[in-house]
Amino acid sequence: MRLLLTAHSRFTRFAAIAALFTAVAASGVAQTRINDTFSDGNLGTNTGGTGSGFSSRGTSLVTESGGALVFQAGGYNTQVIASNSANAFNPFTAGLPTTLTATFGTLGFDSSFNRQWFGYGVNGTSGNHWYPINGTTQGLYLSILYNNAGEDGTYGLAAGHRGNLIAVSNTGALTTLASWDWATQPTDGFSFSLTTTDTTYALQFTGATVSNYVLGASSGTLTGLGTISSNFNVNIHGQTASGGANGFTLDALSVTASAIPEPSTYALIFGTLALAGVIAHRRRQNNAARQAGN
Ligand SMILES: [Ca+2]
Ligand SMILES: [Ca+2]
């Protein structure tokens, strides 16, 4: 009988722990949508990573070389790529914070202008320009722009600021959610991450001096996108005014999503933990009773 009880308690404890792991696995665990370190030398494939690489959107001078995406400067040459449509998803989902992280290698500087745009654009959008001037392209964009003030007030750009986070609605309206200064020209090797839900955004930078958010904050309410009716790709756009060595390289890019556990899931987890604790306590009591009887 004692053997049966011991076996039963072991089985119950195993079942409780298994239920706990199941509950945890179903909630809060990061799901990797894209993880590309640009290491297989082919823009269109992503060997060993997550996601199936990127495609050119009618432009040239983007290569994958030396472990990085290389946007070569070409003198007004526009470079646009997008994550392949097989990896399209909706980063604006309630209860599913989704984080896009991009890490630069080098970031060239052109005394006339540099334009880089990163973010989410509607799946299937094509064309050799991808930025808010194409106002029918719904999405959320981070712009890294250097110019001589000639583009202040256009494309949703705040005057005198090199960085902007811009939402483009499904009606083409632009909403500048945040605008900031780099104290110096953005430095090589910096990373940004952008986390979104259906109602919020949060921006973070590492390796760069970013200050003076003037229109918004580093986090806030996501407005301006309108009704989300499609899936999105990660798009990247580069352009410099002159040729030479003024392009940029991107070392890594990832997109992860992590579900927020429902209250009922928390209840299940804590309930299971409590049950496991009771079982362990009873087992210790039984063992102590057996030892006392010996
Ligand atoms: Ca590749
Ligand atoms: Ca890399």
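List the residues, sorted by chain then number, that are 5 or more residues from Ala173 or on another chain and whose placed amide H is less than 5 Å from its amide H.
Sorted by chain and number, the residues that satisfy this come to none at all.
Please pull out the direction-averaged projected area of segment 145-244, using the convex hull of its alpha-carbon atoms, in nm² to one decimal place.
Working: hull surface 29.3 nm².
Average projection, Cα convex hull of segment 145-244: 7.3 nm².
Classify segment 43-160 as rounded, prolate or oblate from the Cα gyration tensor: take a ≥ b ≥ c as the square roots of its eigenvalues, call it rounded if a/c is under 1.5, otherwise prolate when a/b beats b/c and oblate if not.
On the way: a/c = 1.72, a/b = 1.21, b/c = 1.42.
Oblate is the answer for segment 43-160, as a/c is 1.5 or above yet b/c matches or exceeds a/b.
Apply 1/(1 + (r/R0)^6) to the Cβ-Cβ distance of Thr63 and Thr221, taking R0 = 45 Å, and write down the FRET efficiency to the nearest 0.05.
Details: r = 39 Å, r/R0 = 0.86.
After rounding, the FRET efficiency stands at 0.70.
Based on Cβ point charges of +1 for Lys and Arg and -1 for Asp and Glu, what charge dipole magnitude is obtained for segment 30-258 about its Cα centre, in debye rounded to the nearest 20?
Rounded to the nearest 20 debye, it is 260 debye.
Report the extension gain between Asn35 and Thr209 in nm, rounded to one decimal, defined as 0.36 nm multiplied by the number of residues separating them, less their alpha carbon distance. Display every interim value, and only then the final one.
Numbers: separation 174, 0.36 × 174 = 62.64 nm, distance 2.54 nm.
Between Asn35 and Thr209, full extension yields an extra 60.1 nm.
If only Cα atoms are counted, what is the Rg of segment 62-104, and what is its Dmax, in Å?
Cα-based Rg and Dmax for segment 62-104 come out at 14.5, 43 Å.
What are the residues whose amide H is under 5 Å from the amide H of Thr187, where those residues sit 5 or more places off or on another chain and H is modelled from the backbone?
Long-range HN contacts for Thr187: Thr209.
Have a look at Phe92, Trp180, Gln79 and report the one farthest towards the positive end of the charge dipole of segment 30-258, computed about the Cα centre with Cβ charges (Lys/Arg +1, Asp/Glu -1).
Positive-end residue among those listed: Phe92.
Which of the three applies to segment 30-258, rounded, prolate or oblate, going by the alpha-carbon gyration tensor with a ≥ b ≥ c and a/c under 1.5 meaning rounded?
Taking the square roots of the gyration eigenvalues as a ≥ b ≥ c, segment 30-258 is rounded.
List the residues, sorted by chain then number, that are 5 or more residues from Asn77 or on another chain and whose placed amide H is less than 5 Å from its amide H.
Amide H to amide H, under 5 Å and 5 or more residues apart or across chains, Asn77 pairs with Thr240.
Every number here is computed from the coordinates shown, using simple stated rules; none is lab data. In this text, all values refer to a predicted model and were calculated from it rather than measured experimentally. All Cβ positions, even for glycine, are placed from backbone atoms using ideal geometry, and neighbour counts span all protein chains on display.
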